[in-house]
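Every number here is computed from the coordinates shown, using simple stated rules; none is lab data. Quantities reported herein were computed from a predicted structural model and do not represent experimental measurements. Cβ coordinates were reconstructed from backbone atoms using ideal geometry, including for glycine residues, and neighbour counts include every protein chain displayed.
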Amino acid sequence: QQPVQSPQAVILREGEDAVINCSSSKALYSVHWYRQKHGEAPVFLMILLKGGEQKGHDKISASFNEKKQQSSLYLTASQLSYSGTYFCGTVFTAGGRRETSGSRLTFGEGTQLTVNP
Amino acid sequence: DAGITQSPRHKVTETGTPVTLRCHQTENHRYMYWYRQDPGHGLRLIHYSYGVKDTDKGEVSDGYSVSRSKTEDFLLTLESATSSQTSVYFCAIKDRQFYNEQFFGPGTRLTVL
């Protein structure tokens, strides 16, 4: 039930764009995106909710397609600081409500993004 | 900075010994979580707490126990450490600034020989 992220890794030159996808086999209530640099803790980027509401980072955009049970993170005009591993964390839904209590997140395996000069 | 500290930050221990990791927060958050992170698996939830003395299991709870006697401290115990528990352990809290987002502590790197 772990969400599947694609691609597993991507290498860019500074200024190029990238899209990272997160797909679930279960219906989604919300999707959380995090970025982790090597040796550091994951850092919260944004949340996407059912109905399309987006909360969080104002320089990175994302989409949430409830029917397709997937979310995409859009990194435009990439900067060197964007390098790191990106994780999606999902909250599943059952009968239109959150499936689990405590806002438990199920994370994907991550997408490693490298931005070169 | 969500005011989360973890101790110790690094630990090397031997198989069969008990180990306790501590997560401390200063902002009175109700929900706290313990995750482990391993290559190829991302972050996996071990246990979480929704209040003092209120805890529940995550997806990889076997071999781990937790306790929360004060709001600010959430302890993770490996009763008898095994080499398969070598990992990086992250504590997290749930905030409500946006919508139940989680913020992570700096992590503890545990090696079981």
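Some values worked out for this structure:
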{"read-out": "Rounded to 5, the percent of DSSP beta bridges in the protein assembly as shown classed as antiparallel", "value": "90 percent"}
{"read-out": "Under Karplus coefficients 6.51, -1.76 and 1.60, residue-wise ³J(HN,Hα) of segment B:22-34 in Hz, glycine/proline x", "value": "10, 10, 10, 10, 10, 10, 6, 6, 7, 9, 9, 9, 10"}
{"read-out": "Inter-probe distance in nm under a simple model that places probes 7 Å from Cα toward Cβ, at B:VAL12 and A:VAL4", "value": "4.1 nm"}
{"read-out": "Taking A:TRP33, B:TRP34 and counting other C-beta atoms within 10 Å, the order from fewest to most", "value": "A:TRP33, B:TRP34"}
{"read-out": "Cα centroid separation - segment B:9-87 against segment A:8-36, whole Å", "value": "27 Å"}
{"read-out": "Counting all C-alpha pairs of chain B, share separated by more than 22 Å (%)", "value": "25 percent"}
{"read-out": "In sequence order, calculated HN-Hα J values of segment A:39-48 (Karplus, 6.51, -1.76, 1.60; Hz; x Gly/Pro)", "value": "x, 10, 7, x, 10, 5, 10, 6, 10, 10"}
{"read-out": "4 °C / 1.567 mPa s Stokes-Einstein diffusion coefficient of the protein assembly as shown, Kirkwood radius on C-alpha pairs, µm²/s", "value": "72 µm²/s"}
{"read-out": "Simple Cβ-charge dipole of chain B, Lys/Arg +1 and Asp/Glu -1, about Cα centre, in debye nearest 20", "value": "100 debye"}
{"read-out": "Unit charges on C-beta of K, R, D, E only; dipole of the protein assembly as shown, Debye", "value": "340 debye"}
{"read-out": "Estimated dipole of chain A in Debye, rounded to 20 [Cβ of Lys and Arg +1, of Asp and Glu -1, Cα centre]", "value": "400 debye"}
{"read-out": "Relative contact order (%) - criterion: Cα under 8 Å, at least six apart; region: segment A:4-116", "value": "37 percent"}
{"read-out": "DSSP bridge pairs, segment A:4-116: antiparallel proportion in percent, nearest 5", "value": "90 percent"}
{"read-out": "Selected from A:LEU45, A:THR93, B:SER67, residue furthest toward positive end of dipole (the protein assembly as shown; charges at beta carbon)", "value": "A:THR93"}
{"read-out": "Segment A:4-116: proportion of alpha-carbon pairs further apart than 25 angstrom, %", "value": "18 percent"}
{"read-out": "Partnerless cysteines, meaning none of the other Cys C-beta atoms lie under 4.7 Å away, in the protein assembly as shown", "value": "none"}
{"read-out": "Segment B:40-113: relative contact order in percent, alpha carbon pairs under 8 Å with at least 6 residues between", "value": "21 percent"}
{"read-out": "In chain B, lysine pairs with alpha-carbon atoms under 21 angstrom apart (chain gap of 8 or more, or interchain)", "value": "5"}
{"read-out": "Rg/Rh (Cα only; Kirkwood hydrodynamic radius) as it applies to segment A:1-55", "value": "0.99"}
